[in-house]
1. On the protein heavy atoms, probe 1.4 angstrom, tell me the percent of accessible surface of region B:330-471 carried by carbon and sulfur.
2. If you take all C-alpha pairs in region B:381-429, what percent of them are over 13 Å apart?
3. For peptide A:450-460, how many partner chain Cβ atoms fall within 10 Å of a residue's Cβ, on average?
4. Accessible area of residue A:453, 1.4 Å probe, to the nearest 10 Å²?
5. Once you compute Rg and the Kirkwood Rh from C-alpha atoms, what is the Rg to Rh ratio for region B:396-471?
6. Quick check: from the Cα gyration tensor, does region A:589-642 come out rounded (a/c under 1.5), prolate or oblate?
7. Cα-Cα over 30 Å: which of B:268/B:402; A:495/B:93; A:218/B:271; A:148/B:93; A:97/A:233; B:76/B:290?
8. In whole Å, what are the Cα extents of region B:254-306 along the three principal axes, biggest one first?
Amino acid sequence: MPPFRDDQIFIIAPGSETTLAQLGLPESFTPARFRLRSRMFPGEKSDEYEPVKIRKKEKKSKPEGDAATTNGEASTEEPEWEEDRISEDGAVWPIRKGSIVDWPCFYALMEHVYNTVNPPFHTPILLISEPSWTHKEYEKVAQFFFEKFKVPGLAMMDSALAATYAYGIPTATVVDVGLEKADITCIADFMRQDIGRSLAVPDCGGEAMTRRLEELLKGRKGFTRDVCEQLKKSSICEILPADTEVPESDATEGASNPAAAASTGADGAAPGQRKPSVAGELPRGPGPGTEVGEEKKLEDEEGVLDIASIVTGGNMGEYLAQKDREKQDKATAKQQRKASEAQIQVNKPARLPNAKRSRNTFMYEDFALHDAMKKAGMTTQGMADMQASLDDGTNKEPQSAVSDKPADAGFEKSDGTMDTSPTGGFRREVEVGPERFQAASGGILDRLADAIHRTIWSCGELSKRSDLWDNMIILGNGSKVRGFKEALLATLQAKYIISPSSATIFTSELPSNMSTPMATGANTPQPQLPGQQHHSSGVNPLLHAALTAQNPQLHPSAPGMPQPHQQSMHSSHGQTPTSIKVAKIPEYFPEWKEVGYDEASFLGAQVAGKLLFIVDGGASKGYMTRTDYNEQGPSGIHDVRM
Amino acid sequence: MAATLPPTQPPAAQEYAGDEINALVLDPGSYTTRAGFAGEDTPKAVIPTNYGQLSSGEKLFGENAIHLPRPDMEIKNPFNSDGIVEDWETATKLWEYSVTSRLTGAKQTPPNKNGLNDDKDENGDTNMEEQMEQLEDQEKVLGEYPLLMAEPAWNPQKAREKSIEIAMEQWGVPAFFLAKNGQLAAFSQGKSTALVIDVGHQNTSVTAMWEGMVLRKSVHHTPLAGNWLNNQIRLMLSSQQAPLIPHYMVKSKQPVDAGAPSNATYAKFDKPPTDSFRKLEEERVLTAFKESVVQTWPGPNRLESQSGAGNFTNMDHVKNYPPKPFEMPDGWNQVFGAERFKVAEGLFDHNAAYTDAENPAPAGDQTLTSIARNALQACDVDTRPHLMNNIIITGAGSLIDKLPERLQSDLQTIYPNPKIRVIANQNSVERKFGGWIGGSVLASLGTFHQMWVSRQEYEEFGARIVEKRCK
């Protein structure tokens, strides 16, 4: 009987942005039940951390000059505290670029995770470790878990290896695109290749894309970092394949575009790179993407800037009324616009996909405003009022029903149901032009491609390299941006694929044991019954051999070919890659299939948890028990970690 | 009984793993720096020794940084062409980086003490003394690990003393030892008597070892190694008008016929990266060429010597072998027949080397065979048969196909009588990191404990102790 049961396995996967956790393995594996932001807030004492932001609450009795009294109040009366579950102002993020930068905070975060999940006593923990944790850091983490939580068993597994467990393939290249970095790991026969592994490649994650968007939209007012971040997460942000042109409303530059794209043929971003001016110029004509849209945003932005002073100034009622008026104006304007839009769009397909539209909108949730208001000491009621009046989200419905499918449905959903990331900021609609297709244009794909090439190239297992190229696992929430994986693959293929050499097609591929055909008559075609046995004996064996041996090269992606084996056998190309493919994940788990496999490491962790704690049950030392820890100390974790 | 310890109580430090010391092994080479914990089978940190220097003077270490094309980065190397450290300041930083980046982590302060990130929340009135202490703690990156370092056998006394100085004073190691990498490579094969031929990047060295002691007189080295081979390939390619365009310059490529001009689109740079960067990236292509195409003529005899009757040479023979294709990053491709043998021939036959104004032909006594012979000649005649029977070939440069076979055959020709046995580990990783693995073995041996130069000894005798103790 195994020492643990399914429902006792506790999995934690800390990340730079989000920490995943789950207690118990369900019958069919599901995405992580707990998604916690990887941040803590400094508590009252310097060594303490709180999971939510706590602010001083303002007393109602002093309505005038709230801001001024904030400091004085604390001394006169007992301060009142309030939990703010939305704001992330002043948070400490203990994990940056995959490595733990703030240990006390990391410990506090782990404690928070543990308390949130609240497992019973007999619960072994499987911790998914970030690749950039060092030897010493493993020991520290193990020590913490054993001494703080008194766990009966601890297993630690590298997130890249966990990904291969999810995919169920022994040899793969795992490209984990995270927030600020990407990790690239070669796994050969379930063995991590530590030498040459690319850890925490900087500027290759989601953050780099946000920054790129920020850079592109710099010229336009209102595109703060937060807006760009949410734009990136929205479904309208997309990376287009190399041969699609970035949609423009007019053929301003469109004509020259495809040609240029074809000639470079590199990545979806290439065309955009040559036209950075796009951000400035607005297409003319009615419809989405006109001056009207721009103005609206501009004004909204100013609203943000003023809001705190308005609130503190006490003339909020006025402001709200004004805002309401504006809203009505806007609504009517919108209706008019829509009418004209409808006329124009009659001869167009009603629902253009995002990639074909020059402009599109998404819903932005303004947390900065929320923070500003909280700081100014707004009451809950006041906030609700503001929210109601400022929220564009509510009157979005009719529009989306008329014009097209709500562009940000995906975003809403992903934020609302999958994430525990805070919602409740002020929402407004933001419109973006073709910049939304250029998130990856800052060279991130090239950097990533180079790092992948370098990693596989420095893998010691020479014979595995072509397998590594044929089993690319691209995951991580940074790769969630639509079209990112495809674009990365296209970049790799354009840059690195080795084509079969025309010089060797008939020379090098002849098997050496093939002798010259002799005039024995064996090869002379015999009169045969029609339809009977036509192959091999009838064909010149040399030609046959040449053709079959050449086959895997002529069709590098022919399916169902036992390729890896053949490729390592024939001598023609010592170079790799002759083909680059993305590994297929087995689709056993419907819940995972729904949300996508960007967090496949967690799925792998579930598989591994089942294997290590239950199937194997400690027989081959897949985890460290309390007894082991007492005997070996923290350094014993190196014997069991994977 | 440890098992009965209540779960609330952490095990005492001396209770577990008391006799095990977690030593660090550092094998600094001119191409890669290898570091890891003793007792492991491969070094966990393999860092390129090349580093990038920005125009601002900032130095960048590690693969991620140095392969990024940027206009203001010069690629440099702290070693001179002889494999001896020239730029100690950078070398120290680089070695520190190799140890901290993957092994120990940046911080060594115990978790209860390091509140470094809290500073911003406090009003700046933290105890300065405490901060200084923390700062010191941080500087002593290796405070808790004994360090075993490898060195080339011809390392001058000054450099050796400098090494122990850095380790003791800058890193604060509790114990230190310096071992010759030839010696270590032999240990990795479990031999204490051997002739070690280490084909590295800048140099190939020969070290004879007799029962664990290096025979000083036998130590020879030659520049005919990996880097020299790269230059040979460079010369051969330019004689074929092959374009040597590194990957970073190519945006995408199209397949072309063999020998046809390439059809690729190139990346555009406002200000192109420096020449030294381009050279570094070209080396990547050359290394790929070495890996997939180059082969040594396995012998017997030289490539140019006659085989059989008439004028039929070995060269003519290899011309009949199927040629191997190679594709450049920009798509240009060609098959290489005899050339792929000829580029490596210079390692054994100085007359066969490709030459030009900058790359003169090597002297006759620089070939691998010659230095092996010279090393053997320098040893006592009684030891020779033992050494000849235990010739260990190691180093990443020795991974050229058939190189050990050729060495065996060439040495056999010189010494027909005693048995020549060239031992080459079949595992490429173990051959690449032979020196480091030997260090890992040595440092985890129980009997090695008494060999360490401890802190006290260093404080008592100063840096000179390294000459006395580490022979």
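1. Details: 2950 of 6150 Å².
Reported share for carbon and sulfur atoms: 48 percent.
2. Values: 657 of 1176 pairs.
Result: 56 percent of Cα pairs exceed 13 Å.
3. On the way: counts 8, 4, 0, 5, 5, 1, 0, 5, 6, 1, 7.
Per residue, the number of nearby Cβ atoms from other chains is 4 on average.
4. Here the residue's solvent-accessible area equals roughly 20 Å².
5. On the way: Rg = 19.0 Å, Rh = 16.0 Å.
Ratio value, two decimals: 1.19.
6. Judged from the Cα gyration tensor, region A:589-642 comes out prolate (a/c at least 1.5, a/b above b/c).
7. On the way: B:268/B:402 41 Å; A:495/B:93 34 Å; A:218/B:271 24 Å; A:148/B:93 36 Å; A:97/A:233 19 Å; B:76/B:290 23 Å.
Checking Cα-Cα distances, B:268/B:402; A:495/B:93; A:148/B:93 exceed 30 Å.
8. Computed over the Cα atoms, the extents are 54, 30, 17 Å.
The values are calculated or read from the model by the stated rules, or taken from the named source; none is laboratory data. It should be emphasised that the depicted structure is a prediction, and the values quoted were computed from it without experimental measurement. Here Cβ is always computed from backbone atoms with ideal geometry, including for glycine, and neighbour counts include all displayed protein chains. Keep in mind that these areas ignore ligands, DNA and RNA; they rest on the heavy atoms of the full protein, side chains included. Shrake-Rupley method; radii C 1.70, N 1.55, O 1.52, S 1.80 Å.
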